[in-house]
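To start, the structure under review is shown below, and the notes come after it.
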Amino acid sequence: MLWMTGSRPKTTRGHKWHVHASFDKHRTSLPNLDSNWHEKPYGMSNWDFDSLQEAMDYFYKERFLLRLKHGYDLIEANIPEDWLPAD
């Protein structure tokens, strides 16, 4: 699962936008993305951003496309259709 949230007002650490990821290959709980997360059975990570554009760029380029590359399936989404790679 991959999602974004916005905080109003900013979090105590001073960030307005957040990207979150969780994964569970064995239906247990999904990635520590500084490692080979796609080889691990489960995990969770969070990243903070000051602007919506920074969060969107990170979500799409660094997380969404990478998951598709590693064989994750898009089950349900509320994202722009042009973000989906052409088959």
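If I filter segment 8-30 down to residues being modelled with pLDDT under 80 and touching a Phe, Trp or Tyr at 6+ places or on another chain (Cβ under 6 Å), which single residue comes out as surrounded by the fewest Cβ atoms within 10 Å (Cβ to Cβ)? Among them, the one singled out is THR28. Restricted to segment 42-63, and to residues that are surrounded by 12 or more Cβ atoms within 10 Å (Cβ to Cβ) and over 21 Å from SER7 (Cβ atoms), which residue is modelled with the lowest pLDDT? Of everything passing the filter in segment 42-63, TYR42 is modelled with the lowest pLDDT.
The values are calculated or read from the model by the stated rules, or taken from the named source; none is laboratory data. As the structure is a computational prediction, the values presented were derived from the model and not from experiment. Reconstructed Cβ throughout: ideal geometry from the backbone, glycine too, with neighbour counts over all protein chains shown.
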